[in-house]
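A.B. asks: Input: one structure, supplied below.
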Amino acid sequence: MFVVIRLLLGALFIFSGGEKLLKPMEEFLYVIDGYQALPQWAEPAVALLFPWVEFFAGLFILLGFWLRQALAVLLLLSAALALIVGQAILRHLPLDNCGCFGELIHLPLHGVILIDLSVIALSALCLANSTKASRYSLDAFYARPKA
Amino acid sequence: MIISRQILSLALVVLVIAGLSIYKFGIQKAWHPAKINMFQQGRVKGDPAAPVKIVEYTDFQCPACAAANTVLEDLFKKHEGKISLEHKHFPLPRHAHSLRASIFAECAVEQGKFWPMHDVLFKSQKSWEGMISVDAYFSELAVSLGLDGTRLAACVNSPAADGKVTRDKIAGQTLEVNATPTFFINGKRVVGGKFMAEEVEKLLAVPGGK
């Protein structure tokens with residue numbers, strides 16, 4: 001079960017990061033600006049780097065490579081996202097789409113909070129059971145006894 | 001021989017960044033600023049020779065596009081004669097009435113009323129976005145602007161207007177437009193009214209608008 005959760009989490013974040021990476025950066029910059037949570041000078045850097053972090057965290061989790069570290073990154077990322085989306089809901093910001101998956105999938109902000117909380121719970125679960133989650137992974141390959 | 005974890009990590013990161021960068025570079029090479037002005041269909045406001053040329057891909061049912069339209073109106077007042085705006089239809093599938101709104105606006109072109117229709121569609125967006133059917137409402141708006149209702153009815157039910165809207169959308173897709181409002185300001189892409197206004201002000205702060 002933990003392996004399935006790991007694969008699902010990895011695939012989700014590869015998709016989410018990859019979708020943003022393949023689209024013009026200006027579109028994600030516009031999404032970030034809509035949340036009004038960052039100083040304007042920081043927005044371009046976040047728009048540039050965030051999709052790469054999402055993508056690589058997803059890739060490393062999917063492959064089970066540096067799994068504990070990648071899960072910790074995912075946990076932090078999801079917690080940050082939950083905070084940013086939460087403040088947007090509390091401030092009634094006029095966002096009809098979260099922008100999490102570009103223009104491909106549209107989710108209302110309340111739905112995104114649920115997804116974020118689920119990701120946090122599942123990442124924490126995998127982190128707490130990282131030995132089981134590491135089955136069929138590169139970490140397991142490297143940890144096997146040397147002949 | 002088994003490669004070390006560190007080397008494998010580095011190789012993965014480098015390969016993925018290189019792969020995605022080559023892919024993106026390929027896409028960017030495929031679109032050229034000249035394509036921004038393909039399929040010009042006579043929806044230009046302001047002096048076409050103005051130093052700041054804005055091409056806007058917009059959706060009449062998108063709230064951010066309505067807000068951007070207000071920003072554009074203010075910019076036109078503030079910088080009279082220095083800005084031109086070309087409208088491009090980009091109705092998003094998630095907005096039920098966007099396509100019909102674009103078709104009605106397109107049909108207003110042949111009666112010389114595109115911009116009044118354009119503005120009234122944005123200003124009344126909140127009134128019609130929740131309707132089940134919008135044709136009667138849009139016809140009322142058009143007639144109140146002085147459009148001939150009979151000519152309009154024939155136009156909005158013909159495939160020609162739909163074809164022009166579709167051509168705009170295809171042109172936008174070739175330029176990698178995915179979200180609205182997307183602007184090309186003297187060839188530079190920006191998304192959203194706030195960034196558009198910033199770019200216009202930046203260009204107009206430079207003599208010649210370049």
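The values are calculated or read from the model by the stated rules, or taken from the named source; none is laboratory data. Because the structure is a prediction, the values reported are computed rather than measured. With ideal geometry, Cβ positions are generated from the backbone for all residues, glycine too; neighbour counts draw on all protein chains shown.
A.B. asks: Applying the selection to segment B:104-116, what residues are surrounded by fewer than 24 Cβ atoms within 10 Å (Cβ to Cβ) and out of contact with any strand residue (DSSP E or B) (no Cβ under 8 Å at 6 or more places or on another chain)?
C.D. replies: Selection gives B:Val109, B:Glu110, B:Gln111, B:Gly112, B:Lys113, B:Pro116.
A.B. asks: Give segment B:179-194 a look and list any residue that's buried (at least 20 other Cβ atoms within 10 Å of the Cβ) and in contact with a helix residue (DSSP H, G or I) (Cβ under 7 Å, 6 or more places away or on another chain), or say none.
C.D. replies: Result: B:Ala179, B:Thr180, B:Pro181, B:Phe183, B:Phe184, B:Ile185, B:Arg189, B:Val190, B:Val191, B:Gly192, B:Gly193.
A.B. asks: When you scan segment B:154-176, do you find a residue that is under 16 Å from the mean Cα position of the chain (by Cα), closer than 30 Å to A:Gln36 by Cβ and either at pLDDT 95 or above or among the hydrophobic types (A, V, I, L, M, F, W, C) (or both), even just one?
C.D. replies: Yes, there is a match, as at least one residue in segment B:154-176 is under 16 Å from the mean Cα position of the chain (by Cα), closer than 30 Å to A:Gln36 by Cβ and either at pLDDT 95 or above or among the hydrophobic types (A, V, I, L, M, F, W, C) (or both).
A.B. asks: I need a count of the residues in segment A:52-76 that are buried (at least 21 other Cβ atoms within 10 Å of the Cβ) and within 15 Å of A:Phe28 (Cβ to Cβ).
C.D. replies: 2
Every residue, every condition in (1) within 14 Å of chain B (Cβ to nearest Cβ); (2) under 30 Å from B:Glu198 (Cα atoms); (3) modelled with pLDDT of 90 or more, yes or no:
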site: A:Ala72; (1), (2), (3): no, no, yes
site: A:Asn97; (1), (2), (3): yes, yes, no
site: A:Leu107; (1), (2), (3): yes, yes, no
site: A:Ser123; (1), (2), (3): no, no, yes
site: A:Lys132; (1), (2), (3): no, no, no
site: A:Ala140; (1), (2), (3): yes, no, no
site: A:Ala143; (1), (2), (3): yes, no, no
site: A:Lys146; (1), (2), (3): yes, no, no
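A.B. asks: In segment B:101-130, which residues are of a type in the set (S, T, N, Q), closer than 17 Å to B:Arg43 by Cα and not in a helix (DSSP H, G or I)?
C.D. replies: Matches in segment B:101-130: B:Gln111 only.
A.B. asks: Let me spell it out: the conditions are (1) over 12 Å from the mean Cα position of the chain (by Cα); (2) within 12 Å of chain A (Cβ to nearest Cβ); (3) touching a residue at least 40 places away in the same chain (Cβ under 8 Å), and B:Gly192 meets all of them except one. Which number is the exception?
C.D. replies: The failed condition is (1).
A.B. asks: Follow-up. Quick check on my filter: what residues within segment B:63-93 are more than 20 Å from B:Cys107 (Cα to Cα) and part of a loop (DSSP other than H, G, I, E, B)?
C.D. replies: Correct list: B:His79, B:Glu80, B:Gly81, B:Lys82, B:Pro93.
A.B. asks: B:Ser133 fails exactly one of the following numbered conditions: (1) out of contact with any Asp or Glu (no Cβ under 8 Å at 6 or more places or on another chain); (2) assigned to a helix (DSSP H, G or I). What is the number of that condition?
C.D. replies: That leaves (2) as the condition not met.
A.B. asks: Filter segment A:1-51 for residues that are polar (S, T, N, Q) and more than 10 Å from chain B (Cβ to nearest Cβ); which is surrounded by the fewest Cβ atoms within 10 Å (Cβ to Cβ)?
C.D. replies: Here the residue is A:Gln36.
A.B. asks: Given the conditions (1) modelled with pLDDT of 95 or more; (2) more than 22 Å from B:Ser144 (Cα to Cα), report the number of the one that B:Glu80 does not fulfil.
C.D. replies: Among (1) modelled with pLDDT of 95 or more; (2) more than 22 Å from B:Ser144 (Cα to Cα), B:Glu80 violates only (1).
A.B. asks: Which residue, of A:Leu71, A:Leu90, A:Leu49, A:Leu107, is in contact (Cβ under 8 Å) with a residue 24 or more places away in the chain and aliphatic (A, V, I, L, M)?
C.D. replies: So the residue among A:Leu71, A:Leu90, A:Leu49, A:Leu107 that is in contact (Cβ under 8 Å) with a residue 24 or more places away in the chain and aliphatic (A, V, I, L, M) is A:Leu71.
A.B. asks: For segment A:52-63, state whether one or more residues are in contact with a Ser or Thr (Cβ under 6 Å, 6 or more places away or on another chain) and either within 14 Å of chain B (Cβ to nearest Cβ) or closer than 15 Å to A:Leu21 by Cβ (or both).
C.D. replies: Checked segment A:52-63: at least one residue is in contact with a Ser or Thr (Cβ under 6 Å, 6 or more places away or on another chain) and either within 14 Å of chain B (Cβ to nearest Cβ) or closer than 15 Å to A:Leu21 by Cβ (or both).
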